[in-house]
Amino acid sequence: MRYTAVALLFLALSLPVCGASLQLPTNGDFEELLTSGWDQSIAGTSLYIQRSTAFDADPDYEAKVSSNNGHGSAKLWQSIVIPNTDVQFSVRLSSNAVDGGGAWCAAGLILTYLDVNGAPLGKTALAATSAICPWTESDTFHIIDTNGGWADYGFILADELLNLPGIDGDDVHELELSLLVSAANC
Ligand SMILES: [Ca+2]
């Protein structure tokens with residue numbers, strides 16, 4: 001079986017504001033149509049971006065980006081300007097990646113740190129990767145293994161950047177949040 005899937009229940013970036021919390025993503029809970037706040041791209045075959053209430057047991061909506069024996073990549077994303085890296089990121093995520101027959105795949109939520117010109121500085125991937133996935137960690141690419149069922153993940157961006165010594169946190173101006181599947185016949 002070669003299959004990869006990822007779904008996302010709720011996504012938030014919050015900034016402490018006088019004891020309250022400012023939610024930065026638009027439509028981070030997917031209760032509106034995916035055209036609200038999100039951009040989509042699909043390049044390849046057998047790749048899908050969906051919104052449904054049925055990806056988990058609760059009655060609310062989730063988003064899912066998946067591939068089934070597909071090739072290429074699909075992503076659902078939005079970019080958010082952040083005031084600083086003292087921002088709490090949180091997500092509820094389920095991701096799976098299973099390869100076979102020389103295929104590979106990866107699926108998850110990718111945080112891409114961008115500078116003031118919109119150029120990428122590096123990435124954190126909360127992702128499931130198949131056994132022979134070519135993704136390789138570096139001082140600008142950190143993988144947090146999320147393979148498995150629904151679970152909550154979160155961190156303060158400044159803390160996560162300690163895992164990415166190739167990025168100067170003072171240069172981070174914007175964050176791209178991408179629900180991504182990348183696959184080679186997987
Ligand atoms: Ca649901």
Q. Which of the residues spanning the range 147-186 are among the acidic types (Asp, Glu) and not in a strand (DSSP E or B)?
A. ASP159, GLU160, ASP168, ASP170, ASP171
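Yes/no matrix, rows are residues, columns are (1) within 16 Å of the ligand (Cβ to nearest atom); (2) surrounded by 20 or more Cβ atoms within 10 Å (Cβ to Cβ); (3) of a type in the set (A, V, I, L, M):
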residue	(1), (2), (3)
ASP60	yes, no, no
LEU76	no, yes, yes
SER90	no, no, no
ASN96	no, no, no
GLY101	no, no, no
VAL116	no, no, yes
ALA119	no, no, yes
SER130	no, yes, no
Q. What tally of residues in the range 32-58 results from selecting those that are away from the ligand (no atom under 16 Å from the Cβ), buried (at least 16 other Cβ atoms within 10 Å of the Cβ) and among the charged types (D, E, K, R)?
A. 0
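Report yes if ALA20 is at pLDDT 90 or above and either closer than 30 Å to ILE132 by Cα or away from the ligand (no atom under 11 Å from the Cβ) (or both), otherwise no.
Here the answer is no, as ALA20 does not meet what is asked.
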(Q) When you check THR26 against the structure, is it within 16 Å of the ligand (Cβ to nearest atom) and either modelled with pLDDT under 95 or touching a helix residue (DSSP H, G or I) at 6+ places or on another chain (Cβ under 6 Å) (or both), yes or no? (A) no
Q. Restricting attention to the range 155-175, does a residue exist that is under 14 Å from the mean Cα position of the chain (by Cα) and surrounded by fewer than 16 Cβ atoms within 10 Å (Cβ to Cβ)?
A. no
Q) Taking the range 103-114, which residues are crowded, with 23+ Cβ neighbours inside 10 Å and either among the small types (Gly, Ala, Ser) or out of contact with any strand residue (DSSP E or B) (no Cβ under 7 Å at 6 or more places or on another chain) (or both)? A) ALA106, ALA107, GLY108
Q) From the list SER95, SER73, SER52, which residue is more than 18 Å from SER178 (Cβ to Cβ) and polar (S, T, N, Q)? A) SER52
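The values are calculated or read from the model by the stated rules, or taken from the named source; none is laboratory data. None of these values were measured; they are calculated from a predicted model. Every residue, glycine among them, receives a Cβ derived from its backbone with ideal geometry; neighbour counts consider all protein chains shown.
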